[in-house]
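> Pasting a structure here, questions to come.
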Amino acid sequence: MPSSISVDSPAGGVASRGGEPAVLVSDVRKSFGDVHALQGISFQAEKASVLGILGPNGAGKTTTVKILSTLLRPDSGTAVVAGHDVLTDSAGVRRSIMMTGQYAALDENLSGRENLELFGRLMGLAKSAARKRADTLLEEFDLVSAGKRAVRNYSGGMRRRVDIACGLVVRPEVVFLDEPTTGLDPRSRQGVWDLVTALKNQGITVLLTTQYLEEADVLSDNIIVIDKGTVIAEGTADQLKARTGGSFCEIVPLDVSRIPATVQALGDLVPAAVAAEIDGADKLSIPAPEGAATLAEALRRLDNAGIDLADIALRRPSLDDVFLSITGHSGGH
Amino acid sequence: MSVSAPAASTLFAELPEVRPSSFAQWRALTGRIVRTMATKGELVVAVLTPLVVTVAFYLPLRYVMKVQGIDYAQYVMPIVVLQTMAMTMMSNAQLAAFEALTGLSTRLQTMPIGSLVPLMSRICAGLVRSVVSLIATVGYGYLIGFRFTGGWLQALAFCGFALAVGIVLTLGADALGSLTKNPEALSQALTLPILIFGMMSTGFVPEASFPAWVRPFARNQPISQFAHTLSDMAAGHLSWAGTWVSLVWLGGLAILFLPLAVWASVRRS
């Protein structure tokens, strides 16, 4: 099936598509038997933006990515990627995307360089062009020294870099990164983060699923929160944080075993939901609707009760707090 | 080791025109498996295994068989050839299972690659292995006195039929591998049928050597039939009467395994 892949410059790509979103999902449903993985999910990602897809395990993140990458067909609804409908033009979708799963999918027996050459040839580069492209990518991804070794012996970070590099042998329109930093050390994680930014600067749209709220916060232009197969919140990280309504006051008693006494002393400043979950906690987070005034009041009450503090501070809500307030259960696992 | 992200400006500089074609993809995917087989010693194993099998059966059994009036070199080579096809089947099952397990198969499905290309490339790489193995096996056969006595046409039919059996078995193995995604369990699970069908066949020893109760199975099971057909082709006795049962077995297995392999390989999940 001979066909050509557009390798426009980023500017040309943007101009030709006008204001069309790079990914448009509307009312997509998908069930596996009795399990309704997606129950009418809708969202869109603008061109050259990073969309963070956030949600606990089993929320439907991976199913969404699989539908967008043509691995699964939606039961109903429409999904359009880079102008191609996943149902009617799946070949077009496949020419426009690159997808990496949680596990780096490479030929384990081949070296990093051979993998890059293989993917280059699979994407339609001639043999010599594929070799040249592999050289470039090895250099760009700082893998020259490891290029000759079999991928089997790579560290997690290197493996992930080769994995992503293999998806960039030609220029994709939309990149799906399914939990790209799961299991990586902080340094490798930073490398992946820098890469996401680099892709975005190239005019490439990135869909990033993650369980790490921090990651979505740092990288995403927009975030959607998925729970139980639907989008339950959408917006920038700041907008989502604003939804939780103001700051939090974080209190760390010097003696963590005195947290129950701390709760007692704070009285009506501690919401019932927080008080119910103090078992084993080493700090206490309470809403601070009045900001500094709430902190001062808390300090006064704790002082009266004679509770020594290691730390007390106001902080803006994290996406963890957002998640908790929207879903009623904590994110992560 | 530093971890740096590529500079945005140079990442896609000077990218040449691309033209994905199924044929080029098939070549790239097949080439990579064959290269791995050649460099990781798998082809050496493919060449040495039939030698071990040949020696293991020919040396102890040739005099016993001579007493019964059987030229054992001529008798045993067809089943040794079939044994090598079973080895290819085994290695293809592993390959398919490994590619499904690591997610490579899934990833290829998200790329603009013809949906049958990955399966075709695995089968063709298996065929390369089978051909190498077959050449080696026939070579060993000639060393111990096996001969094609029916002319080159029947000799070609011998090779063609052996490879066809290999391909059909490989298709079934590929389906199993893609579906189970478990190389270890699969190699154990396949060992048993290979042993049963190999040892309980009339390819190693004549039917009369089996206990009476197992003779109907030994006589009629497909591997015995295949061995007989190959034996006829080697001796130049190829006839419809001696071949049609084999062809029915082979056709039946192909009708079962081909759609199964295609389904297992192209299905998306």
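> Kindly evaluate B:Leu29 against the criterion of being within 9 Å of chain A (Cβ to nearest Cβ), surrounded by 19 or more Cβ atoms within 10 Å (Cβ to Cβ), at pLDDT 95 or above and on the phi < 0 side of the Ramachandran plot.
When the stated conditions are applied, B:Leu29 passes them.
> Continuing with the same structure: Quick check on this structure: which one of B:Gly114, B:Gly150 is at pLDDT below 95, over 18 Å from the mean Cα position of the chain (by Cα) and away from chain A (no Cβ under 14 Å)?
None of the others qualify; the one that does is B:Gly150.
> Return only the number of the condition from (1) modelled with pLDDT of 90 or more; (2) at positive phi that A:Leu116 does not satisfy.
Result: A:Leu116 passes all but (2).
> Filter the range A:20-42 for residues that are part of a strand (DSSP E or B) and acidic (Asp, Glu) and give the result.
Selection gives A:Asp27 alone.
> In the range A:46-66, which residues are part of a helix (DSSP H, G or I) and at pLDDT 90 or above?
If the condition is that a residue be part of a helix (DSSP H, G or I) and at pLDDT 90 or above, then A:Thr63, A:Thr64, A:Val65, A:Lys66 are the ones that fit.
> I would also like to ask the following. Which one of these is touching an Asp or Glu at 6+ places or on another chain (Cβ under 6 Å) and closer than 19 Å to B:Phe12 by Cβ: A:Ala130, A:Ala126?
A:Ala130
> Within the range B:201-260, which residues are among the β-branched types (Val, Ile, Thr), closer than 20 Å to B:Phe57 by Cβ and surrounded by fewer than 16 Cβ atoms within 10 Å (Cβ to Cβ)?
Residue satisfying the conditions is B:Val214 alone.
> I'd like the residue in the range A:77-117 that is assigned to a helix (DSSP H, G or I) and out of contact with any helix residue (DSSP H, G or I) (no Cβ under 9 Å at 6 or more places or on another chain) and, out of all such residues, is surrounded by the fewest Cβ atoms within 10 Å (Cβ to Cβ).
Filtering the range A:77-117 for residues that are assigned to a helix (DSSP H, G or I) and out of contact with any helix residue (DSSP H, G or I) (no Cβ under 9 Å at 6 or more places or on another chain), the one surrounded by the fewest Cβ atoms within 10 Å (Cβ to Cβ) comes out as A:Ala91.
> Does any residue of the range A:57-76 turn out to be surrounded by fewer than 21 Cβ atoms within 10 Å (Cβ to Cβ), away from chain B (no Cβ under 13 Å), under 20 Å from the mean Cα position of the chain (by Cα) and under 19 Å from A:Thr209 (Cβ atoms)?
Yes, the range A:57-76 contains at least one residue that is surrounded by fewer than 21 Cβ atoms within 10 Å (Cβ to Cβ), away from chain B (no Cβ under 13 Å), under 20 Å from the mean Cα position of the chain (by Cα) and under 19 Å from A:Thr209 (Cβ atoms).
> Take the residues of the range B:117-147 that are within 14 Å of chain A (Cβ to nearest Cβ) and of a type in the set (A, V, I, L, M): which is nearest to B:Thr49 (Cα to Cα)?
Looking at the filtered set, the residue picked out is B:Ala125.
> Of all the residues that make up the range A:190-208, how many are surrounded by fewer than 24 Cβ atoms within 10 Å (Cβ to Cβ) and either among the aromatic types (Phe, Trp, Tyr) or more than 9 Å from chain B (Cβ to nearest Cβ) (or both)?
2
> Anything in the range B:46-61 that is under 18 Å from B:Pro206 (Cα atoms) and surrounded by 18 or more Cβ atoms within 10 Å (Cβ to Cβ)? List them, or say none.
Listed by number, the residues that qualify are B:Val53, B:Thr54, B:Phe57, B:Tyr58.
> Separate question: Which number in (1) in contact (Cβ under 8 Å) with a residue 60 or more places away in the chain; (2) under 21 Å from B:Val245 (Cβ atoms); (3) not aliphatic (A, V, I, L, M) marks the one condition that B:Glu207 misses?
(1)
> Take the range A:82-109 and flag every residue that is β-branched (Val, Ile, Thr), more than 9 Å from every other protein chain (Cβ to nearest Cβ) and under 25 Å from B:Glu99 (Cβ atoms).
A:Val86
> Now for a different question. Any chance you could count how many residues in the range A:118-135 are more than 8 Å from every other protein chain (Cβ to nearest Cβ) and either more than 29 Å from A:Val80 (Cα to Cα) or surrounded by fewer than 22 Cβ atoms within 10 Å (Cβ to Cβ) (or both)?
Count: 7.
> What number of residues within the range A:274-293 are under 20 Å from A:Ala242 (Cα atoms) and either of a type in the set (A, V, I, L, M) or out of contact with any Gly (no Cβ under 9 Å at 6 or more places or on another chain) (or both)?
Number satisfying all stated conditions: 6.
> Let me ask something additional. Is it the case that some residue within the range A:4-26 is within 14 Å of chain B (Cβ to nearest Cβ) and either at pLDDT 90 or above or within 16 Å of the chain's Cα centre (by Cα) (or both)?
no
> Tally time: how many residues in the range A:29-45 are touching a residue at least 60 places away in the same chain (Cβ under 8 Å) and either under 16 Å from the mean Cα position of the chain (by Cα) or not assigned by TED's automatic domain parsing to the domain that holds A:Ala91 (or both)?
The number of residues fulfilling the criteria is 2.
> Could you tell me which residue of the range A:287-333 is surrounded by the fewest Cβ atoms within 10 Å (Cβ to Cβ), considering only residues that are under 14 Å from A:Phe248 (Cβ atoms), modelled with pLDDT of 85 or more and β-branched (Val, Ile, Thr)?
Restricting to residues being under 14 Å from A:Phe248 (Cβ atoms), modelled with pLDDT of 85 or more and β-branched (Val, Ile, Thr), the top hit is A:Ile312.
> Among the strands (runs of 3 or more DSSP E) lying completely within the range A:182-279, list those that include at least 2 residues that are not assigned by TED's automatic domain parsing to the domain that holds A:Lys47.
The strands (runs of 3 or more DSSP E) meeting that bar are A:247-253.
The values are calculated or read from the model by the stated rules, or taken from the named source; none is laboratory data. As the structure is a prediction and not an experimental result, all values here were calculated from the model. Note: ideal-geometry Cβ built from the backbone for every residue, glycine included; neighbour counts use all protein chains shown.
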